[in-house]
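**Student:** I'd like to ask you about the structure that follows.
The values are calculated or read from the model by the stated rules, or taken from the named source; none is laboratory data. Owing to the predicted nature of the structure, the values given are computational and were not obtained by experimental measurement. Positions of Cβ are generated from backbone atoms using ideal geometry, with glycine treated the same way; all protein chains shown enter the neighbour counts.
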Amino acid sequence: MASGKIHGDDGPEPSARHPYGRDPDTIDRPVFAAVIRPHRSLGRLGFRVVMGACCLVSLVTSIAFVRMGHWPVAGFFGLDMLALWLALTVSNRRGRSFEEVMVSQIEVLIARVSHRGERAEWRFNPLWTRLHKVEDDEYGLQSLAFESRGRRVLVARDASPGERETIAAGLTRALAEVKKGY
């Protein structure tokens, strides 16, 4: 057979592809992949609406205090609006950070990208990796981490407990599927 096929026109039979029956072309494909972003309830339009409403209330109240002769109060309202703008801007920028989690047959990859674009990565062998969960009866899943060879990396730090449970279920299934194949 000149084409190198072992079993008809269907391609090589699974056991001929790899000593363990794995297809080398699919071995690094993700079994689980997720991008986890922190929840931000205030978008660009919401930011403008909140700042506009707060500035309007502050302006009306400041005018009332200036008319009563308490003009220094208007300056403090201005400082309050500056502090609110700064806090919402910082929160919005931090919302640009995210985590990438990928489980394949050959590795577990956790990558964190900060709001500044700085990237940190951790890689583990999926056969030696387990999930460590800290659960609270009242508040749900409080923390989720990968553990391997004495190293622990938190995953889904900015997710809510409900979202963390969904991610944990997917990661548990993915790790079990990878380990089952070996």
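**Student:** Can you find a residue in the range 35-43 that is modelled with pLDDT under 85 and touching a Leu at 6+ places or on another chain (Cβ under 8 Å)?
**Tutor:** yes
To keep it simple, each residue is scored yes or no on (1) under 28 Å from ARG116 (Cβ atoms); (2) modelled with pLDDT of 95 or more.
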site	(1), (2)
VAL50	yes, no
LEU56	no, yes
ARG67	no, no
HIS70	no, no
GLY75	no, no
GLY78	no, no
THR89	yes, no
ARG93	yes, no
ARG96	yes, no
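**Student:** Any residue at all in the range 142-164 that's among the acidic types (Asp, Glu) and closer than 19 Å to TRP122 by Cβ?
**Tutor:** Within the range 142-164, one or more residues are among the acidic types (Asp, Glu) and closer than 19 Å to TRP122 by Cβ.
Residues are listed down the side, and each one gets a yes or a no for (1) part of a strand (DSSP E or B); (2) in contact with a His (Cβ under 7 Å, 6 or more places away or on another chain); (3) in contact (Cβ under 8 Å) with a residue 12 or more places away in the chain; (4) not aliphatic (A, V, I, L, M):
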| site | (1), (2), (3), (4) |
| --- | --- |
| PHE77 | no, no, yes, yes |
| LEU88 | no, no, yes, no |
| GLU135 | yes, no, no, yes |
| ALA176 | no, no, no, no |
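**Student:** Say we look at the range 96-119 and pick out the residues that are part of a loop (DSSP other than H, G, I, E, B) and among the small types (Gly, Ala, Ser); which of these is farthest from GLY170 (Cα to Cα)?
**Tutor:** Across the range 96-119, the extreme among qualifying residues is GLY117.
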